[in-house]
Structure formats: structure tokens, C-alpha cells
Amino acid sequence: MKLNHTISNLIIALFFGTSFFQLQAQNLISSAYLSSVSEANLEAEYFFDFSSGVDLYRVLYTTPDVLGVLDTASGLLVVPDDPGFAYPLLVFQHGTVNDRWDVPSQLAGGYQLATVFGGQGYATVAPDYVGLGEARGLHPYVHADTEASAAVDFLYAAKQFADQNNFLQLNDQVFVTGYSQGGHAALAAHRALELDYSADFTVTASAPMSGPYSISKKMIDFTLGDTPYGFVAYIAWTALSYNLAYGNLFSNVDEFFKPNYATFVEQFRDEVITLGQLNAELTAELINDVGAVTPKAMLQPAILDAILNDPSHPVSVALADNDLHNWEPQAPTHLVYCTADDQVFYQNAVFADSIMNANGAPDVSAHDVNPTADHGGCVQPAMIHTILFFNGLKEVTVATRELTGSPDDPFLVAPNPVRDELLIQKLTEIGTSSNVALYDVHGKLVRQSNWSNSDLLRLDVKDLNEGLYFLLIDADDGGRYSVKVLVGER
């Protein structure tokens, strides 16, 4: 039940006012360095080009719990390891996890996908979500408000982290994505950012992947019919989540589930068994009980009837409140899916695409990235599509003072354009030493040198391809200086 498994169920929306979040939940508590992954290791693992390695940090920050009480949440911050550039922020929302500690901040729960985005040149926040990792209580599974607030408040914490650490510079771009439950969480975060936090963040692009955006319609049809559905534990977690958030679905678990199923659901609620163990127990019980893994057989008849036939019932209201299709994203949005997905019905993306476009969204489209892939098999093509989509819009800029050739510049860089050898001369006393680095337009380091005594440094560039490069000078006095260098014809 890790990232390649997902949700098949439900959420609640707009239970809390946004003013509480904005006023109280934007505080970085602490950060701790975990590890690093080199650019070479990323390329060896994932078989395509990266612009940098990454440094991984566990971050604690404040965000409201499902009842609106401020809590300590955790998440993973992935920082590109080249400090010479200003990077976009990217939200990566993880998929369904097995238990409290199967989360990105523990280098689990699909954290590898966050490192991929980091190595592509994005400062990536991967929240654990409310009720997971360090956050208290039961995780409100597929609950739109807390999925969104955990992401938004992590973005604020990441900005504070950057303010405190000069090795991370940020630009104004924000990208949003996630897979499975994370697809739903990504769309929830995108909606919150555009509707409630546009003064502080502007979404550049969004790519929710394989998420359940039509919970009250498409997912109900997919999971509560006569066709077997093998991921029945998701329904149990959703019921527990919505009862926690709304407080009016049931008093005892056996009011929602038949008693022989309720026992296992209670054990999961109390963290006695994991989600995988719960799914195994419920599956075995269904086969023993009705001879097939049809989730509707777990539900009390009155609950099943209400879900299917009574839109005013509290369960139906919770489901409808958490549909994410009926709004108009303003940023370019790709709803990424695979038709053969066995956990999240592909019609979630197709339906959301049709409604959003009918509502007047300027740039929303659904993309079937592999018609024959199941939910696990869809991860790789969905990621590749999203990376290519985002990289076409990404801006990575040099985060320094630009040298203009004026008398006030502390360095002279010549000749420019250059053919064979670039000369960098100190014109003022700026410290005892300086680090000089040359990057290509993709942010890849191609030359690096240090000096301490001489006022003149020579960089051999004759084997570099023709084109534009960025020279970054990091001086001992804390100043950073940059200049665009054109390597010309020889």
C-alpha cells in the first residue's frame, strides 16, 4: 500500500476558514539534514539527465489538525545542491502509505519521486500530511482541506528555511503535483493556492497524477458496484477519516461496517495493524463471507443505500463536498492518468477535464500516458510526462548581483564572447578568496576553480560547446556575482 497503491475513496472540503491558516500556521519549527544524493547517482538510478544532486532535510512546521487546532507537522524538503541559482518551489503530494511512519520525512512513502523533482531543479516540499509522521492523531485520509493546508503551510516554512539558509534561493514560481492520493492532494493544494493564497503564491503549473477527483460519482461507481475491487482498506480509512472530520457519520464503527469487518477497522484506527494488514484481513473476510472482494458487502445496508440513493445523507454530503472537479484552475493543468488503472478509475481525470473546461478554465487537459498500465505501472510514464511539462515552464535563474562592466564592479570578466580562455580579474578587495563556477543553460556545472592570492584567474573553456553559460563568483565577503558568458566560434 505504498506509492503504487492509492485511494479509492473520499474527502471533506472547506471545513475550516482560511483566515485561521493564514494567521497562525506559517511557522518553520526546525530542520534537520538527513542525507544527500549526487547528480551521478540520480542519473544512474533513473536513467535520464539531472541538473544537480540534492540535499534532503526533515522539516517540522505548524499547520492545523483536522479539528482546526494548531499541530506540529513533518515533511521532506529536497534542495538542489547547487547554491548558485534561484529555484522554483514544487509541491509533491505522496500517495497512500502503509502506516504513520511510511512517509517522506522518514525517507519512505515514495520520497524518491520528490528527489527526482529536486534533481530536476525544483526546491521540493513533500508533506507527510496531517496525522502522519510527527503530526498527532488519525490521518484524515483523502481529506481535501488538510491535504491542502499541509502543503501550503510547508511552502511558507520552505520560504522561511530559505531566508535562514543562504544556500537556497527561491524565485516566484510554484509547481504542484502528486500521485494517487497525492493526485487528489495536489489538486486540493492547487485550488487552495489559487483561491485563498494568491497574494503569496502564484501557481505556475499543476499536474495531478492518477487521483480521485470525482469521489461522489466516479469513485463510488468504481468501488461499490458488483465488480471486485481489491483495495478495500481504502474505504475503511476514508470512513474513519470523514467521521473524524465531520463527527456525524457514526458513533461506533459497527454502525457503518458489519461487525465482522468493524473489528479489523478498529484495529487499524488504533494503529494496532497497518493498512496492508487491514486490506488482507478485509479481503479474506469478504471471500469467506460472499465469495468475492466486493467492498459493498462490508457496509451496513442502510449506509450502502444512503451512499447510492440519498444525496442528503451525511456520508453523501461529505463525498460531494470533497469532489475537486467543479472549479476553474487558472494555471496550466495536466490531469495525468492511465486508462487501465485498477485503483483509481481513469474517468476521474476525463470527467474533471470536461467540467473544468465547461466552467471556462483557460488551460486544462487530460493526458492518458499509457492506456494499458495499471496503477503501479502508471507511475513512471506519469512522472516523465510531468517532468517534461514542468521543465518547459521552469525558470532557474542565477541568484546573484549581475556584473555589468561598470566601474563599480568588483570583477572584470573578459573576453566575452570567449573562444579559448576566460580571464577573471579582481578589481577591489572583497575578501581573501573566491570560488568561481561556470554553468551551462541547464544549470549543470562545467568548470570550477578557487583562488586566494592572485588577482587574476584563468578558465580554460576551449573544449566547451558553443553557446550561453553563466559564470558565478561566490566571494568570501558573502557577495555573489554573476555574468552571462558566450562561448563563440573557434
Measure up 159/426; 159/462; 217/394; 426/484 against 29 Å on the Cα-Cα distance and list the ones that go over. 159/426; 159/462; 217/394
Computed on Cα atoms, Rg of region 280-420 relative to 2.2 N^0.38 Å comes out at 1.80
Could you size up the charge dipole of the chain around its Cα centre, putting +1 on the beta carbon of Lys and Arg and -1 on that of Asp and Glu, and report it in debye to the nearest 20? 220
Length-normalised contact order for region 69-211 - Cα pairs under 8 Å, 6+ apart - percent: 29
Note the direction-averaged projected area, equal to a quarter of the hull surface, for the Cα convex hull of region 342-435, in nm². 12.6
Can you tell me the orientation of helix 347-358 relative to the chain, as the angle in degrees between its alpha-carbon axis and the longest Cα principal axis, to the nearest 10? 70
In the chain, what percent of the accessible surface is made up of carbon and sulfur (1.4 Å probe, ligands and nucleic acids excluded)? 49
Given H placed on each backbone N at 1.01 Å, which residues far from residue 71 in sequence or on other chains put an amide H within less than 5 Å of it? 63, 65
Two-decimal Rg/Rh of the chain from alpha-carbon positions, Kirkwood Rh? 1.05
Residue by residue, what Karplus-based ³J(HN,Hα) values in Hz, rounded to whole numbers, does region 56-72 have, using 6.51, -1.76 and 1.60 with θ = phi - 60° and x for Gly and Pro? 10, 10, 8, 10, 10, 8, 9, 7, x, 7, 5, 9, x, 8, 4, 9, 8
Hey, if you put +1 on the Cβ of every Lys and Arg and -1 on every Asp and Glu Cβ in the chain, which of 236, 343, 268 ends up farthest toward the positive end of that dipole? 343
Cα to Cα, under 12 Å, and not fewer than 8 places away if on the same chain: which aspartates and glutamates meet these conditions relative to residue 444? 39, 49, 81, 82
Just to confirm my numbers, what's the Cα centroid distance between region 115-155 and region 457-490 in Å? 38
For a bin width of 10 Å, list the pair-distance distribution of region 162-285 built from all Cα-Cα distances, rounded to whole %. 11, 30, 30, 17, 11, 2
For region 182-305, what's the relative contact order in percent, using C-alpha pairs closer than 8 Å and at least 6 residues apart? 26
Taking a cut-off of 16 Å between Cα atoms, list the lysines near residue 218, but don't count ones fewer than 8 places away on the same chain. 296
On a 1.4 Å probe surface of the protein chains, which of 458, 269, 480 comes out largest in accessible area, and what is the full order? 458, 269, 480
Just need the relative contact order of region 283-420 here, percent rounded to a whole number, with Cα pairs under 8 Å and 6+ apart. 18
Return one number: the angle in degrees, 0 to 90 and rounded to the nearest 10, between the long axis of the Cα atoms of helix 144-164 and the longest principal axis of the Cα atoms of the chain. 20
Whole angstrom only: what separates the Cα centroid of region 34-92 from the Cα centroid of region 335-405? 20
Out of 116, 225, 302 - ranked by how far each Cα lies towards the positive end of the dipole of the chain, with unit charges on the beta-carbon of charged residues - the top one is 116
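The values are calculated or read from the model by the stated rules, or taken from the named source; none is laboratory data. These figures come from a predicted structure and were not determined experimentally. Quick reminder, even Gly has a Cβ in these numbers, built from the backbone with ideal geometry, and neighbours come from all protein chains shown. What goes into the accessible areas is simple: the full protein's heavy atoms, side chains included, and nothing from ligands, DNA or RNA. Shrake-Rupley method; radii C 1.70, N 1.55, O 1.52, S 1.80 Å.
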